[in-house]
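The values are calculated or read from the model by the stated rules, or taken from the named source; none is laboratory data. From a predicted model like this one, the values you see are computed outputs, not experimental measurements. FYI the Cβ positions are ideal-geometry reconstructions off the backbone, even for glycines, and counts take in every protein chain you see.
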Number of protein chains: 2
Amino acid sequence: MPASVQPGTGQLLIDQSFSVAVTGTHDASLNTGVRRFQAQLSTQTGIPFRPKPGAPPTLQIHADHAREAVQKLGEDESYELTITDSGAKLTALTPLGVLHGLETFLQLVQPSGSGFSVPAVTIKDQPRFPWRGLLIDASRHFIPIDVLKRNLDAMTAVKMNVLHWHLSDDQGFRVESKVFPKLQGMGSGGQFYTQAEVRDLIAYAHDRGIRVIPEFDIPGHATAWYVGYPELASGPGQYSSERRGGIFDAIMDPTQERTYKFLDQFIAEMAKLFPDAYFHIGGDEVNGKQWDANPKIQQFMKAHNLKNNQDLQAYFNQRVQKIVAKNHKTMVGWDEILHPDLPKTIIVQSWRGQQSLADAAKQGYSGLLSHGYYLDLMWSAARHYAVDPMGDAAATLTDQEKSRILGGESCQWAEWITPENVDSHIWPRNAAIAERLWSPQSVTDVASMYTRLNAVSLDLEWLGLTHRSARQQMLHRMAGSADITALRALADVVEPVKDYNRGDDAKGLSDFDGPLTRMVDAVYPESDTARHFGELVQTFVDGGYKDQAAEAQIRSWLTMWRDNDAKLHPLLDQSALLQEDAPVSANLSALGAAGLQALDYLDKAQLAPDAWETQQLASIAQAKKPTADLLLMIVAPVQQLVQASAIPR
Amino acid sequence: MPASVQPGTGQLLIDQSFSVAVTGTHDASLNTGVRRFQAQLSTQTGIPFRPKPGAPPTLQIHADHAREAVQKLGEDESYELTITDSGAKLTALTPLGVLHGLETFLQLVQPSGSGFSVPAVTIKDQPRFPWRGLLIDASRHFIPIDVLKRNLDAMTAVKMNVLHWHLSDDQGFRVESKVFPKLQGMGSGGQFYTQAEVRDLIAYAHDRGIRVIPEFDIPGHATAWYVGYPELASGPGQYSSERRGGIFDAIMDPTQERTYKFLDQFIAEMAKLFPDAYFHIGGDEVNGKQWDANPKIQQFMKAHNLKNNQDLQAYFNQRVQKIVAKNHKTMVGWDEILHPDLPKTIIVQSWRGQQSLADAAKQGYSGLLSHGYYLDLMWSAARHYAVDPMGDAAATLTDQEKSRILGGESCQWAEWITPENVDSHIWPRNAAIAERLWSPQSVTDVASMYTRLNAVSLDLEWLGLTHRSARQQMLHRMAGSADITALRALADVVEPVKDYNRGDDAKGLSDFDGPLTRMVDAVYPESDTARHFGELVQTFVDGGYKDQAAEAQIRSWLTMWRDNDAKLHPLLDQSALLQEDAPVSANLSALGAAGLQALDYLDKAQLAPDAWETQQLASIAQAKKPTADLLLMIVAPVQQLVQASAIPR
């Protein structure tokens, strides 16, 4: 949603004569951006453009001056887009603004009675926050370059401007170091990015107005480093990359000079490879066990008057910060790096809560919000959308303190992610976070957000994102050549369990070498069907059970669910991947039946018997429990109907 | 369907330990083929393989000897595949057989109660015909290399072994000539393949056991040549590439030596670029108008005793054949090149009928069948499947004559094709033709063919073919961000008009520069839904109208269709692309209502009144007419119900 939208009269038709002209500054990213825009518009409309030579351009673009060779935080991204029934004009201070304006233009294209068109409108737009990022974890599961590229395309579409590339962790070291080749040679299982690939990706991102910030998580979350270089660790022994998730004991030794000598060379190499002015050193979730157990380290702490492990980590961070600064970079780290001993120039990324972001701002540190934007927690778009970097604890900050909050980053941690399903875990929900970070604080209406989210989701398919198609393929995998209609009906109303509740079941701890091909891996994090059904039931209830159109639709859904288990059951038995979903399917059927009975009582204005209600509520309680790491999302509205049918009116 | 299948007992599980070992000959195509197979198996099952070092291989592969550096017609392609519950063995004389056997293995993989598995089986397999091709026309609409590559992947999956690349025609010259750069420079509108791309595609095809045969259609269908080289034509004036379909007057001048000098240099260049032993010179649809109108040519014909244009073309073909032969190639051409003056070494590709193929074989020419395999005619898979190269006129040939029939080629002419919808026009129907050319003549059961076709269609999605997804995207384009459920319901039961009946409507002649984004461009050439509905009605009728399960399903479909128009109508009005489909949607609704009424009469064992039947049959006749170039495919079964309801029992 742009900062300012003034509707005009009429519409501008998009036909074969569509053409673009550019005045003002021309740089490579503007030129490729315009070409990409034309190709995208042609793809979306299916119109091969053949502008008439000499005719005035349909879209006139002007950028005042060039952008920075290396994109800077806070570079101007504003634009103005004016569309009338005879033409369109896009102006911006820099090519960055043009890129954003072109995406807005694409979003405005719609089929109409006379062909494709964009409505007449005047838009003046600029971002609310200068830092609007997406973290992709490539360590837990490797994410190939082509998958990252299509996600950069999607980020462009929603005007995000930072890719935070989580490149190392306990499970894998994912970038080629020429100075320390055993990092990727022994710590990646062969799955890493070459420096050429990194440079290519950075150029690709730059063309799209996106900065790329590498994260090398130290001193914790770094087991993969020690596979090749065990001398960096605080504990003895050989190391291998972790094959499961969690917080591990292995930790870098901050008390030996060779650690800093190593980091000095390594950071110098990476600082050259990644041109962005910011450099992320992680710093989260330090479990001090190896430090506690190492007498040499304990001795060092005493000698340097370091009272606890927090002090020791702060000592380490100060040393690292000096190396980062020597390479002309600003250090970024997670909440845990916050310590009075560190200079105010560092940036704190808050994953633990909005309080810690506010605390940092009060202490003079700049910060980013990620708490509330963890896509791996499987929250709804609405829940993420409600989180505001200036909300909660930040709301009471002074203006000066507030100005230190630079924006936020959504995070796609990859414990349960493969290249196959990563798109569907990021998109479309991430577009709601992107809007939170771009649009005015006052833009908060959830219903209209979902309308835009649906449109964005469809647009992303044209960019080649697999956020919808991957589920289809994964269901086909489970079903073999059998028809998947009934399977899809089940998949449509379930969501993965939320937060960190997955994997606590009988299946035991996760194995990152194993397949991620269960129903919980295939389904969307948020069920549109369940949301629509819930809204429909609410409409029916609010209308005093008299809205016949709503009731007919509710009945049609409930009937389909009631009958679905009988259709699905043969398939559930035949596929090892589906067997665990049999109880979920049975529960769905029971919910369908319960809802229909409740409607019958309501129709007859007959009070549902207590015994029946008790029995149904017991079955609903059963259906509410996570099964096969899935949640049935129509439980609440069915419960609403059952309870309504038992209330005297 | 393999030539011989002996079912065994039990199944072989595919799990993380799956591994492959190769003995015997190792060549590049075998090694990359095995790697491709492993990646494909991993993708389809979602299992990342981590075989245990030292464990015996799950699949043992052996090829006796290497294949030819340039794949030859008739090279051995046989293989044997033995699968038991403890392992699998694939043996072949050549890597070509291994490649085919690996595809068979992939087809056998299915989900089971204990995980993914392949059934125990012994397969001995070889092709019925050595020439099993697909023609792709890249002239009428340019088809980019990546689209060709995924179609080569699909050809591999169905064991086709020839890509016939139709590279020039009236509408475009699509390959780079360095000797005559104005061919692509002026005759392609910038859309052509560089020689490097051609070589890359040929290598890609070779790796997959596919020969690539270029076609440069002469002396007709060659307007695009004359844009840069008008001196080759038989008529005066400047030329531009045609922007519509049809047969045009422009034709090469066969009476001037400079034509042969040009072709001598051009064919020499292309013969080097395309290593295959065969070279296709087209030769079809010569309209002699420019020859008739050119006095110099008429004089030449008299002087050389050439009685008619057929003789003149034969003269031309003889000259061309000598050039082709000088470059160590065998000439291939369409039926029209058949002439007693041409040597028996040429190959005749029959598009006009099976009679001309038989005639050629009788006269000692080798031949290929394409008549009956024209995918652009929008026939059903069953109709293509019924066409046998040895059927019809060929059935009466002697064994020696029969041996001259080398196989066949399906043809995807590209008048109405774009890179967006080409996959869905070729696939899955082409798999039925591929089976016709590979499997024994006795394999003709249509129902089991459709079962296999469905499985192949699903498999092709894993290869990245867009034969299903493109329709979805095209429907979304028409609908904007509106829900497409009702639109898809309509699309599910229509097919494009058959044969050459498209474009005869009010829209006038086609414009190859225009969009191909109508419903007729989006829908599948064959409606599975209509086929299933027809079968269901047949079951119901055959069962004396007593099969309640069938009736319930029929009712459910008819109800959905009856009610669909009301849901779809708002959308049809809002989108210029959909307005023409409004009458089709109305007809579908009427058919639904008529079918339901007929069922009511049948249920009540009440004879439908004559007046009602007459009225319904009139409305059915209306629905039968092509509208918006679409055919409603459920007309016949609904008519069956209506007529049944009016017959006294």
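Is it the case, given these coordinates, that A:Ala621 is assigned to a loop (DSSP other than H, G, I, E, B) and aliphatic (A, V, I, L, M)? Spell out the reasoning first.
Values: assigned to a loop (DSSP other than H, G, I, E, B): no; aliphatic (A, V, I, L, M): yes.
It is false that A:Ala621 is assigned to a loop (DSSP other than H, G, I, E, B) and aliphatic (A, V, I, L, M).
Being touching a residue at least 40 places away in the same chain (Cβ under 8 Å) and either in a helix (DSSP H, G or I) or surrounded by fewer than 15 Cβ atoms within 10 Å (Cβ to Cβ) (or both) is the filter here, so list the residues in the range B:328-357 that pass it.
Across the range B:328-357, the qualifying residues are B:His328, B:Asp335, B:Glu336, B:Ile337, B:Gln354, B:Leu357.
What are the residues in the range B:53-97 that are among the basic types (Lys, Arg) and touching a Lys or Arg at 6+ places or on another chain (Cβ under 9 Å), if any? Step through it out loud before you land on a result.
Looking only at the range B:53-97, we keep the residues that are among the basic types (Lys, Arg), and these are B:67, B:72, B:89.
Listed by number, the list holds a single entry, B:Lys72.
Please count how many residues of the range B:112-141 are aromatic (Phe, Trp, Tyr) and without any contact (Cβ under 8 Å) to a residue 60 or more places away in the chain.
Kept after step one, since they are aromatic (Phe, Trp, Tyr), are these residues of the range B:112-141: B:116, B:129, B:131.
Add one more test, that the residue is without any contact (Cβ under 8 Å) to a residue 60 or more places away in the chain, and what stays is none.
Of the residues in that region, 0 qualify.
In the range A:217-233, how many are surrounded by fewer than 23 Cβ atoms within 10 Å (Cβ to Cβ) and among the aromatic types (Phe, Trp, Tyr)?
1
From the list A:Gln40, A:Gln11, A:Gln16, A:Gln6, pick out the single residue that is over 30 Å from A:Ala69 (Cα atoms), outside any loop (DSSP other than H, G, I, E, B) and within 14 Å of another protein chain (Cβ to nearest Cβ). Before you say what the answer is, go through the steps one by one.
On the way: A:Gln40 fails: over 30 Å from A:Ala69 (Cα atoms); A:Gln16 fails: outside any loop (DSSP other than H, G, I, E, B); A:Gln6 fails: within 14 Å of another protein chain (Cβ to nearest Cβ).
One residue alone meets the criteria, A:Gln11.
Is it the case that some residue within the range A:64-75 is assigned to a loop (DSSP other than H, G, I, E, B), away from chain B (no Cβ under 14 Å), of a type in the set (Val, Ile, Thr) and farther than 19 Å from A:Gly101 by Cβ?
Here is the first cut: in the range A:64-75, the ones assigned to a loop (DSSP other than H, G, I, E, B) are A:64-75.
If we keep only those that are away from chain B (no Cβ under 14 Å) too, we end up with A:64-75.
Of the ones still in play, those that are also of a type in the set (Val, Ile, Thr) are A:70.
Imposing the further condition that a residue be farther than 19 Å from A:Gly101 by Cβ reduces the set to A:70.
For the range A:64-75, residues assigned to a loop (DSSP other than H, G, I, E, B), away from chain B (no Cβ under 14 Å), of a type in the set (Val, Ile, Thr) and farther than 19 Å from A:Gly101 by Cβ: present.
Taking the condition in contact with a Ser or Thr (Cβ under 6 Å, 6 or more places away or on another chain) and more than 29 Å from A:Thr43 (Cα to Cα), does A:Leu490 pass? Reasoning before the result, please.
Working: in contact with a Ser or Thr (Cβ under 6 Å, 6 or more places away or on another chain): yes; more than 29 Å from A:Thr43 (Cα to Cα): yes.
Spelling it out, A:Leu490 is indeed in contact with a Ser or Thr (Cβ under 6 Å, 6 or more places away or on another chain) and more than 29 Å from A:Thr43 (Cα to Cα).
Inside the range A:19-31, can you point out the residues that are crowded, with 16+ Cβ neighbours inside 10 Å and either within 12 Å of another protein chain (Cβ to nearest Cβ) or in a helix (DSSP H, G or I) (or both)?
Passing the criteria: A:Ser29, A:Leu30.
For the range A:390-444, which positions are over 20 Å from the mean Cα position of the chain (by Cα) and of a type in the set (D, E, K, R)?
A:Asp392, A:Asp399, A:Glu401, A:Lys402, A:Arg404
Evaluate the following for A:Phe49: is it touching a residue at least 24 places away in the same chain (Cβ under 8 Å), within 14 Å of chain B (Cβ to nearest Cβ) and surrounded by 15 or more Cβ atoms within 10 Å (Cβ to Cβ)? Before you say what the answer is, go through the steps one by one.
On the way: touching a residue at least 24 places away in the same chain (Cβ under 8 Å): yes; within 14 Å of chain B (Cβ to nearest Cβ): yes; surrounded by 15 or more Cβ atoms within 10 Å (Cβ to Cβ): yes.
Considered against the rule, which asks whether it is touching a residue at least 24 places away in the same chain (Cβ under 8 Å), within 14 Å of chain B (Cβ to nearest Cβ) and surrounded by 15 or more Cβ atoms within 10 Å (Cβ to Cβ), A:Phe49 comes out as yes.
Among the residues that make up the range A:80-97, is at least one of them under 31 Å from the mean Cα position of the chain (by Cα), surrounded by fewer than 17 Cβ atoms within 10 Å (Cβ to Cβ) and not hydroxyl-bearing (Ser, Thr, Tyr)?
No, that holds for no residue.
Across the range A:417-448, what is the number of residues that are touching a residue at least 40 places away in the same chain (Cβ under 8 Å), of a type outside the set (Val, Ile, Thr) and closer than 22 Å to A:Pro130 by Cβ?
Adding up the residues that qualify gives 11.
Each row is one residue, and each column tells you yes or no for (1) among the basic types (Lys, Arg); (2) within 14 Å of chain B (Cβ to nearest Cβ); (3) over 27 Å from B:Gln553 (Cα atoms); (4) touching a Lys or Arg at 6+ places or on another chain (Cβ under 6 Å).
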{"residue": "A:Trp557", "(1), (2), (3), (4)": "no, yes, no, no"}
{"residue": "A:Asp565", "(1), (2), (3), (4)": "no, no, no, no"}
{"residue": "A:Leu572", "(1), (2), (3), (4)": "no, yes, no, no"}
{"residue": "A:Trp612", "(1), (2), (3), (4)": "no, no, yes, no"}
{"residue": "A:Leu617", "(1), (2), (3), (4)": "no, no, yes, no"}
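Scan the range A:518-541 and give yes if some residue there is in a loop (DSSP other than H, G, I, E, B), crowded, with 17+ Cβ neighbours inside 10 Å and within 12 Å of chain B (Cβ to nearest Cβ), otherwise no.
Looking only at the range A:518-541, we keep the residues that are in a loop (DSSP other than H, G, I, E, B), and these are A:518, A:523-527.
Within this subset, residues satisfying the condition of being crowded, with 17+ Cβ neighbours inside 10 Å are A:518, A:523-527.
If we keep only those that are within 12 Å of chain B (Cβ to nearest Cβ) as well, we get A:518.
Yes, the range A:518-541 contains at least one residue that is in a loop (DSSP other than H, G, I, E, B), crowded, with 17+ Cβ neighbours inside 10 Å and within 12 Å of chain B (Cβ to nearest Cβ).
Testing B:Lys289 on (1) within 30 Å of the chain's Cα centre (by Cα); (2) farther than 26 Å from B:Leu201 by Cβ, one condition comes back false. Which one is that?
With respect to (1) within 30 Å of the chain's Cα centre (by Cα); (2) farther than 26 Å from B:Leu201 by Cβ, B:Lys289 is out only on (1).
Suppose we filter the range B:164-184 for residues that are among the β-branched types (Val, Ile, Thr) and farther than 19 Å from B:Tyr278 by Cα; how many remain? Steps first, please.
From the range B:164-184, those among the β-branched types (Val, Ile, Thr) are B:175, B:179; that's our starting set.
Narrowing the set further to residues that are farther than 19 Å from B:Tyr278 by Cα leaves B:179.
The qualifying residues number 1.
One residue is enough: does the range B:53-62 have a residue meeting the conditions within 14 Å of chain A (Cβ to nearest Cβ), at negative phi and surrounded by 18 or more Cβ atoms within 10 Å (Cβ to Cβ)?
The first filter runs over the range B:53-62 and keeps only residues within 14 Å of chain A (Cβ to nearest Cβ), leaving none.
There is no residue in the range B:53-62 that is within 14 Å of chain A (Cβ to nearest Cβ), at negative phi and surrounded by 18 or more Cβ atoms within 10 Å (Cβ to Cβ).
Can you say whether B:Ala277 is touching a strand residue (DSSP E or B) at 6+ places or on another chain (Cβ under 7 Å) and either crowded, with 23+ Cβ neighbours inside 10 Å or basic (Lys, Arg) (or both), as far as the supplied structure shows?
Answer is no for this residue.
Applying the selection to the range B:484-519, what residues are of a type in the set (Asp, Glu) and either at pLDDT below 95 or on the phi > 0 side of the Ramachandran plot (or both)?
Filtering the range B:484-519 for residues of a type in the set (Asp, Glu) gives B:492, B:495, B:499, B:504-505, B:511, B:513.
The answer is B:Asp499, B:Asp504, B:Asp505, B:Asp511, B:Asp513.
Condition test on B:Ala576, is it among the aliphatic types (A, V, I, L, M), more than 24 Å from the chain's Cα centre (by Cα) and surrounded by fewer than 15 Cβ atoms within 10 Å (Cβ to Cβ)? Lay out the reasoning, then the answer.
Details: among the aliphatic types (A, V, I, L, M): yes; more than 24 Å from the chain's Cα centre (by Cα): yes; surrounded by fewer than 15 Cβ atoms within 10 Å (Cβ to Cβ): no.
It is false that B:Ala576 is among the aliphatic types (A, V, I, L, M), more than 24 Å from the chain's Cα centre (by Cα) and surrounded by fewer than 15 Cβ atoms within 10 Å (Cβ to Cβ).
Quickly run through the range A:88-111 and pick out the residues that are within 14 Å of another protein chain (Cβ to nearest Cβ) and either touching a residue at least 24 places away in the same chain (Cβ under 8 Å) or farther than 17 Å from A:Gln40 by Cα (or both). Let's see the steps before the verdict.
First pass over the range A:88-111, keeping only residues within 14 Å of another protein chain (Cβ to nearest Cβ): A:106-111.
Scanning the range A:88-111 gives A:Leu106, A:Gln107, A:Leu108, A:Val109.
Looking at the structure I just gave you, is A:Ser177 over 30 Å from A:Glu231 (Cα atoms) and surrounded by fewer than 24 Cβ atoms within 10 Å (Cβ to Cβ)? Let's see the steps before the verdict.
Details: over 30 Å from A:Glu231 (Cα atoms): no; surrounded by fewer than 24 Cβ atoms within 10 Å (Cβ to Cβ): yes.
Considered against the rule, which asks whether it is over 30 Å from A:Glu231 (Cα atoms) and surrounded by fewer than 24 Cβ atoms within 10 Å (Cβ to Cβ), A:Ser177 comes out as no.
Being among the basic types (Lys, Arg) and away from every other protein chain (no Cβ under 12 Å) is the filter here, so list the residues in the range B:457-500 that pass it. Spell out how you get there, then give the answer.
At the first step, the residues of the range B:457-500 found to be among the basic types (Lys, Arg) are B:468, B:471, B:477, B:488, B:498.
If the condition is that a residue be among the basic types (Lys, Arg) and away from every other protein chain (no Cβ under 12 Å), then B:Arg471, B:Arg488, B:Lys498 are the ones that fit.
Just checking: which of the helices (runs of 4 or more DSSP H) contained wholly in the range A:419-487 hold 2 or more residues that are in contact with a His (Cβ under 6 Å, 6 or more places away or on another chain), basic (Lys, Arg) and surrounded by fewer than 22 Cβ atoms within 10 Å (Cβ to Cβ)? Working first, answer last.
Details: elements: A:422-426, A:429-438, A:446-462, A:469-479.
Filter on the range A:419-487 gives an empty set.
Being touching a helix residue (DSSP H, G or I) at 6+ places or on another chain (Cβ under 8 Å), of a type in the set (A, V, I, L, M, F, W, C) and part of a helix (DSSP H, G or I) is the filter here; which residues of the range A:383-418 pass it?
A:Ala393, A:Ala394
For the list (1) in contact with a strand residue (DSSP E or B) (Cβ under 7 Å, 6 or more places away or on another chain); (2) among the basic types (Lys, Arg); (3) surrounded by fewer than 17 Cβ atoms within 10 Å (Cβ to Cβ), I need the number of the one condition that B:Arg404 fails.
Among (1) in contact with a strand residue (DSSP E or B) (Cβ under 7 Å, 6 or more places away or on another chain); (2) among the basic types (Lys, Arg); (3) surrounded by fewer than 17 Cβ atoms within 10 Å (Cβ to Cβ), B:Arg404 violates only (3).
Based on this model, can you work out whether B:Ser439 counts as polar (S, T, N, Q), closer than 16 Å to B:Asp528 by Cα and more than 11 Å from chain A (Cβ to nearest Cβ)? Talk me through it step by step, then tell me what you get.
Working: polar (S, T, N, Q): yes; closer than 16 Å to B:Asp528 by Cα: no; more than 11 Å from chain A (Cβ to nearest Cβ): yes.
For B:Ser439, the condition - polar (S, T, N, Q), closer than 16 Å to B:Asp528 by Cα and more than 11 Å from chain A (Cβ to nearest Cβ) - is not met.
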